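Contents: one structure, followed by commentary.
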Amino acid sequence: MISRKAAEIGLASVTALFGTVIAYGATEFGVGWAPSGPEPGTFPFYIGLIVLVASLANMVAALVAGDGTPLLERSHLKDVARFVVPMIGFVILALLLGIYVATFVYLLGTMRVQGRYGWGRSIAVSLGLPLGLYALMEKAFQVPLLKGPLEALIGL
Amino acid sequence: MDNLASLFHGFSVALSFHHIFLMLVGILLGILVGVLPGLGAPNGVSLLLPLTFTMDPVAAIILLTSMYWGALFGGSTTSILFNIPGEPSSVATTFDGYPLAQKGKATEALSYAFLSAGFGALVGVIVITLLSGVVQKFALRFSAPEYFAVYFLAFCSFIGLGGAPVLKTVVSIGCGFALAAVGMDSVSGSLRLTFEFDALLAGISFLVVVIGLFGIGELILTVEEGLQLKGIEARVRPSDVLRTMAMMPRHWATLLRSALVGCWMGITPGGPTAASFMSYGLARRFSKYRQGFGKGEPDGIIAPETADHSAGTAAMLPMLALGIPGSATAAVMLGGLMIWGLNPGPMLFVERPDFVWGLIASMYLGNVIGVILVLATVPMFASILRIPFAIIGPAIVVICFVGAYTVGSRPFDLWVALGFGFVGYLFKKLNYPIAPLILAMVIGDKAEDAFRQSLIMSKGALSVFWSNALVGTLMALALLLLVWPVAARVLFGGGRSSAP
């Protein structure tokens with residue numbers, strides 16, 4: 001199990017890396033003084049440095065006094081995974097097949113597998129939401145959502 | 001009395017059929033997002049914002065602010081009935097709201113909450129009405145260094161008063177500024193920090209980040225904590241409401257104190273969450289019935305609710321007059337103002353009085369309508385929470401990603417929302433505050449511009465931030481807030497008892 005201490009150190013390393021990347025990326029645009037004022041990289045450069053320094057301090061604090069209790073109970077980790085994995089699947093599906101089709105598959109899957117609902121109710125809900133979204137977004141607000149090959153096939 | 005005349009003009013703007021209709025829609029949608037787990041006020045406003053791009057700014061801001069009021073009401077509903085705070089700012093309401101509801105007095109608990117919320121909001125709007133003229137005159141004397149000093153003050157008060165670990169707040173603010181810097185630099189026009197990724201050329205939208213941090217992150221946390229809905233039946237009996245109403249004047253001291261705490265925390269960006277906790281703590285300290293706190297003491301509901309709503313309302317004042325949002329939701333709305341082509345700041349009062357005063361008038365109306373509407377619809381919204389999470393959870397996920405896509409019609413934003421969902425979850429688990437990140441993202445460019453313009457004015461000398469009394473005072477105040485956590489420990493002893 002990941003302890004709270006390890007998670008603190010992990011997150012602090014990520015933010016430290018982020019600060020470093022920002023500060024390094026900023027050097028490309030100049031971090032000094034030009035005749036027209038501070039160069040474009042100046043502000044992000046120092047922001048990156050501040051993030052880096054504060055992250056390192058957080059990391060030291062966690063190393064010195066971090067508590068070793070687990071960040072997540074094992075059973076909770078399972079609950080989170082059961083929620084997060086289908087969600088990632090939904091995002092990938094939405095990029096491949098469009099948001100409407102992905103919504104249908106995602107809802108049908110979670111209702112059938114995790115909710116243990118019957119086919120009838122699962123299909124009703126998982127068809128209802130994308131249809132409702134279509135009516136609301138495309139018709140009422142005229143905001144098109146991401147579409148995929150299926151919509152192209154039926155000419156939407 | 002200028003303000004009064006302007007206010008009446010505002011009412012003439014706000015009181016149209018179209019605007020009242022939007023107010024109703026906004027409040028109902030707000031209660032809905034406030035009630036649903038994972039959807040809070042900042043996230044709800046972010047989801048709705050892309051749909052207002054083509055609307056008239058007055059109508060759009062009325063819709064969004066009404067949604068905010070509704071979300072605040074909705075958040076308290078779930079705190080009381082289900083012991084689940086729908087909003088971070090309604091956590092303190094669970095302490096006494098849920099126990100009182102468990103005693104079979106759900107109607108009283110809800111009525112106390114909504115009535116004191118309404119009272120707090122009204123005090124907040126009155127403060128805005130009275131102060132906006134002063135703040136505006138004051139702000140017209142501002143030039144770049146003063147603006148930067150005010151932004152600096154806002155972030156220092158987060159660090160000093162926010163209550164989260166100081167260095168984690170600094171990291172959060174810094175990440176916000178860094179994210180704001182990605183994409184086109186508004187001064188030089190150069191494309192910064194894109195690292196050759198085409199998707200980053202247009203920058204990272206704060207709306208997508210809000211949806212990830214607040215929406216997806218909150219949902220994962222809800223799942224982890226195991227959403228257990230041991231709901232209490234919510235039937236609102238009008239006689240109980242009236243009886244509670246008659247009891248309200250007895251709590252005048254708590255009401256006034258909490259409203260003042262709220263206004264202060266809303267104007268200085270401490271935010272509604274800090275306000276509600278502080279107000280609850282003060283109410284307990286001053287109460288004659290201290291033992292009753294935590295077991296369903298009415299003052300324990302009135303204090304956080306009043307402060308929460310007065311802070312939420314008062315946060316609109318610095319947003320309009322200075323362009324500094326006092327809460328995460330106000331930050332999102334500020335972003336909206338800029339998208340609609342308005343320039344928040346003192347000139348807004350001069351250039352668009354119809355917008356400013358129409359909004360202020362709508363805040364009076366919206367909160368009165370809100371109290372009535374929420375009392376009438378509580379049973380309906382409470383029943384939504386009885387829909388099993390296996391259906392409602394994925395549905396909220398879909399709505400969040402749809403919202404992220406509508407911001408800019410960019411498929412890449414789905415990844416951004418997902419990524420920030422994980423970041424939001426980890427930040428919350430490890431006690432990193434999120435609101436400062438959003439604030440920094442929204443005003444990042446403006447703060448940077450102010451900083452650079454100041455340095456151009458002074459040819460690079462940092463002494464420009466102490467060049468006159470006004471900017472010097474602001475900077476000194478900011479630095480004072482910055483060292484406040486350390487100073488407080490030295491002054492009041494190290495063994496500070498933990499706050500409630």
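The values are calculated or read from the model by the stated rules, or taken from the named source; none is laboratory data. Just so we're clear, the structure is a prediction, and the values are computed from it rather than from any experiment. Neighbour counts run over all protein chains shown; Cβ positions are idealised from the backbone, glycine included. What goes into the accessible areas is simple: the full protein's heavy atoms, side chains included, and nothing from ligands, DNA or RNA. Shrake-Rupley method; radii C 1.70, N 1.55, O 1.52, S 1.80 Å.
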*Any idea how far apart B:Leu24 and A:Lys147 come out in nm if each label point goes 7 Å out from Cα toward Cβ?*
3.4
*Would you work out what percent of the accessible area of the stretch A:4-65, with all protein chains in place, is carbon or sulfur (probe 1.4 Å)?*
75
*Please work out whether chain B counts as rounded, prolate or oblate from its C-alpha gyration tensor, where a ≥ b ≥ c are the square roots of the eigenvalues and a/c under 1.5 means rounded, while otherwise a/b larger than b/c means prolate and anything else oblate?*
rounded
_Among A:42-49, B:40-47, the order from most to least packed when residues are scored by Cβ within 10 Å on average_ = B:40-47, A:42-49
*asked:* Can you compute 3J(HN,Hα) from phi for each residue in the stretch B:32-47, using the Karplus curve 6.51 cos²θ - 1.76 cosθ + 1.60 with θ = phi - 60°, rounded to whole Hz and x for Gly and Pro?
replied: 4, 5, x, 7, 5, x, x, 10, x, 4, x, 6, x, 5, 5, 5
_Neighbour net charge for A:Pro38 - beta-carbon separation under 12 angstrom, K R +1, D E -1_ = -2
*Shielding by partners - mean other protein chain Cβ count within 10 Å, residues of A:146-152*: 1
*Rounded, prolate or oblate: which fits chain A, taking a ≥ b ≥ c as square roots of the Cα gyration tensor eigenvalues, rounded meaning a/c under 1.5, else prolate when a/b beats b/c?*
oblate
*Counting only protein heavy atoms and using a 1.4 Å probe, what share of the accessible area of the stretch B:330-441 belongs to carbon plus sulfur, as a whole percent?*
72
_For the interface of chains B and A, what total accessible area is buried with a 1.4 Å probe, rounded to the nearest 100 Å²?_
5000
*asked:* Let's see if you can work this out: charge +1 on each Lys and Arg Cβ, -1 on each Asp and Glu Cβ, no other charges. What is the dipole magnitude of chain B about its Cα centre, in debye to the nearest 20?
replied: 1320
_For A:Ser3, distant residues with modelled amide H under 5 Å away_ = A:Leu71
_Using a 10 angstrom Cβ neighbour count of at most 13 plus a DSSP loop assignment to flag exposed GluC sites (Glu not before Pro), which longest range of chain B is free of such sites?_
B:234-500
_Going by Cα centres, the stretch A:116-156 and the stretch B:435-483 are how many Å apart?_
49
*Just name one of B:Ile339, B:His309, B:Ala321: the one whose Cα is farthest towards the positive end of the charge dipole of the stretch B:216-358 (beta-carbon charges, Lys/Arg +1, Asp/Glu -1).*
B:His309
*How high is the FRET efficiency between B:Ile384 and B:Met248 when r is their beta carbon distance and R₀ equals 30 Å, given to the nearest 0.05?*
0.60
*Within the stretch B:338-437, report the trypsin sites (Lys or Arg not before Pro) that DSSP leaves as loop and that have at most 12 other Cβ atoms within 10 Å.*
B:Arg386
_Step by step: find N for the stretch B:294-446, compute 2.2 N^0.38 Å, then divide the Cα radius of gyration by it. What's the final number?_
1.26
_Distance violations [Cα-Cα > 22 Å] among A:Lys78/B:Lys168; A:Lys78/B:Lys429; A:Lys147/B:Lys428; A:Lys78/B:Lys428; B:Lys168/B:Lys428_ = A:Lys78/B:Lys168; A:Lys147/B:Lys428
_Residues of the stretch A:7-48 losing 30 Å² or more of accessible surface, assembly versus chain alone, probe 1.4 Å, please list them._
A:Glu8, A:Leu11, A:Thr15, A:Phe18, A:Ile22, A:Phe29, A:Trp33, A:Pro38, A:Pro40, A:Phe43, A:Pro44, A:Ile47
*How far, in nm, would the chain grow between B:Ile456 and B:Ala476 when pulled straight, counting 0.36 nm per residue and subtracting the alpha carbon separation?*
5.0 nm
*Starting with the highest mean, order B:435-442, B:355-362 by the number of other Cβ atoms within 10 Å, averaged over the residues of each peptide.*
B:435-442, B:355-362
*Kindly give Rg over Rh for the stretch A:58-129, based on alpha-carbon atoms, with the Kirkwood expression for the hydrodynamic radius.*
1.25
*Pull up the cross-link candidates among the lysines for B:Lys103, meaning alpha carbon to alpha carbon under 18 Å and not fewer than 8 places away within one chain.*
B:Lys230, B:Lys295
*Could you let me know the centre-to-centre spacing of the stretch B:198-215 and the stretch A:68-107, using Cα atoms, in angstrom?*
20
_Global geometry of the protein assembly as shown, whether rounded, prolate or oblate, following the gyration tensor of its Cα atoms and the 1.5 cut on a/c_ = rounded
*Out of B:Val241, B:Ile456, B:Ile159, whose Cα points farthest toward the positive end of the dipole of the protein assembly as shown (charges: +1 Lys, Arg; -1 Asp, Glu; placed on Cβ)?*
B:Val241
_Accessible area per residue, Å², chain B with all protein chains present, probe 1.4 Å_ = 36
*List the residues whose amide H sits under 5 Å from the amide H of A:Val143, counting only those 5 or more places along or on another chain, with H placed 1.01 Å from N in the peptide plane.*
A:Glu138
*With labels modelled as points extended 7 Å from the Cα through the Cβ direction, what inter-label distance (nm, one decimal) is found for B:Leu256 paired with B:Phe286?*
0.9
_Can you give me the C-alpha center-to-center distance between the stretch B:265-284 and the stretch B:304-352, rounded to a whole angstrom?_
18
